[in-house]
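All of the numbers you see were taken from the coordinates with simple rules; none came from a lab. Quantities reported herein were computed from a predicted structural model and do not represent experimental measurements. Cβ atoms come from the backbone with ideal geometry, glycine included; neighbour counts cover every protein chain shown.
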C-alpha cells in the first residue's frame, strides 16, 4: 500500500507518540509500515525493519512519557501512584529495548541492514496533555495497536522462526495493554507492592523462549492455596 507524504505525515502526527509510553504513534507506525511491506510479501527483512522502527519509536515515547510523569504536579489525579507508574513504564520500556535487540539481530542474520535507532524520531501527538493519565492513555493505545499490528504482519512472514519472534513479541504488547488498561479503568490500583515487584507485572519480554531470551514457560505456575 502506498501512502503519499502528506497522509503519512498526518498519521504520524496523530499517533506517533506513545508508551507503549509505545497509542497511536507506535501502533500506527507499525501498522502503516507493515502494510507497506505487504507489497513484497516474501521480504521478511522489510517487515522486521518496520517493526524495529516501531520499537525504537516506543522506546523514545516511553522516555518522553516518563518526563511528563516526573514533572506532574501534586494536583494530578494519579500523583499518588507517580513512582509506581514510572516503574511500570521503565519496565515496559526495557522490554521494548529487548524486542529491538532481538529484531536487530534477526535482520542481520537474514543478511539485511537494520534501521538505525537515531533515524527514528518521536513526535508527541496533538492533544497530548501533560498529565499522568494522558501518558497512560497514549501508552495503552500504542500497546493495543502494536499488538494488533504484530498479529497482522504474521500473514506475510515467510520463515517460521521469524513468525515465532513476531508472535512472541506481539503477545507481550498485549500484556502491556491489559496492565495499562486495568490501571486506567481503576480495575486495579498500582501500589507500593506493585513497584517493589514490578519485574513480575509482565515477567518476560517474550511469550516463548527465543535462544537465551526466556519466555513465559520459565515462569512457575501458581500453586493452589
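Give me the distance between the Cα centres of segment 70-148 and segment 172-210, rounded to whole Å. Result: 14 Å between the Cα centres. Decide, for segment 118-174, between rounded, prolate and oblate: order the square roots of the alpha carbon gyration tensor eigenvalues as a ≥ b ≥ c, take rounded if a/c falls under 1.5, and otherwise choose prolate if a/b is larger than b/c, else oblate. Prolate, because a/c is 1.5 or more and a/b exceeds b/c. Diffusion coefficient (Stokes-Einstein, Kirkwood radius over C-alpha pairs, 37 °C, 0.692 mPa s) for segment 82-197: 207 µm²/s, rounded to a whole number. Ordering 52-62, 214-224 by mean Cβ neighbour count within 10 Å, with the highest value first, yields 52-62, 214-224. A simple spin-label model places the labels of residue 63 and residue 185 3.3 nm from each other, with each point 7 Å out along Cα-to-Cβ.
I need the shape label for segment 166-220. Rule: rounded when a/c is under 1.5, else prolate if a/b > b/c, else oblate, with a, b, c from the alpha carbon gyration tensor. Since a/c reaches 1.5 but b/c is at least a/b, the shape of segment 166-220 is classed as oblate. Packing order of peptides 67-76, 156-165, 136-145, highest average first: 136-145, 156-165, 67-76 (average count of other Cβ atoms within 10 Å over each peptide's residues).
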